[in-house]
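Since the structure comes first, as structure tokens, the remarks are kept for the end.
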Amino acid sequence: MMTITLQVNNSHHTISVAPRESLADVVRERLGLTGTHLGCEHGACGACTVSVDGNATRACNILGVMCEGRSIVTIEGLRDDPVADVLRRHFHEQHALQCGFCTPGMLMMARDLLLRSHELDESAVRKGLSGHICRCTGYSGIVNAVLAAAREMQLAKATQTRNEMLLDTSSLPV
Ligand code: FES
Ligand code: FES
């Protein structure tokens, strides 16, 4: 066993892990964060996606011992996250989930895509989610939800910029 210290969802943890344990096993079995799902366990389905130092990462494909000193965010850590909040609402409205098994990984990756670019088109969303397997939905609802979230965030950003400009103008001397 080896002792590692890592930050998970803004809490520090020092835990003993076997060198062969994946990060997915560490968060699920050692920390009880079972929102990270395990499907294929070899990097093919995307169900286990978490954020490692701000990058969407397949937790079955990285060893826990490789995460010494790193910052991990799992789906449980996005409870109060504003981007995840927008995504959750649109997933609900667009019927983007059925059994929900793929959903934590889809949300983690969709959030990653939105943080990198709000100006996503359908092709970019489909490409971004292409490593995620959903056995239920046929994907259209998921793609529509991410596009709707991107539009909402783009609009919010445009409104904020406009308000800032108006504020600037109103403070000019007449
Ligand atoms: S369980 Fe990790 S990619 Fe499928
Ligand atoms: S909603 Fe069932 S696997 Fe995607």
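Calculate the spin-label point distance for residue 136 paired with residue 168, positioning each point 7 Å from the Cα along the beta-carbon direction, and give it in nanometres.
The modelled label-to-label distance comes out at 4.6 nm.
Using the beta-carbon distance between residue 5 and residue 55 and R0 = 25 Å, what value does 1/(1 + (r/R0)^6) give for FRET efficiency, to the nearest 0.05?
Efficiency at R0 = 25 Å is approximately 0.80.
Between residue 98 and residue 85, what is the label-point separation in nm under the 7 Å Cα-to-beta-carbon projection?
3.1 nm
At 30 Å minimum axial length over the Cα atoms and a Kyte-Doolittle cut of -1.0, report the qualifying DSSP H helices in the chain, or say none. Can you show the working numbers first?
Values: long enough: 140-170 (44 Å, 0.04).
Helices meeting the criterion: 140-170.
Identify which of 61, 163, 144 has the largest mean-square fluctuation in a Gaussian network model of the chain, with springs joining Cα atoms closer than 10 Å.
So, out of 61, 163, 144, the one fluctuating most is 163.
Any chance you could run the full-extension gain for residue 68 through residue 159? It's 0.36 nm times the residue separation minus the Cα-Cα distance, nm to one decimal.
The residue 68-residue 159 span can extend by a further 28.7 nm.
Quote to one decimal, in nm, the extra length available between residue 126 and residue 14 on full extension: 0.36 nm per residue of separation minus the C-alpha distance between them.
Net length gain for the segment: 36.5 nm.
Throughout, read-outs are computed from the coordinates displayed, never taken from laboratory work. Model, not experiment: these values are computed from the prediction. Note that each Cβ is placed from the backbone with ideal geometry, even for glycine, and that neighbours are counted across all protein chains shown.
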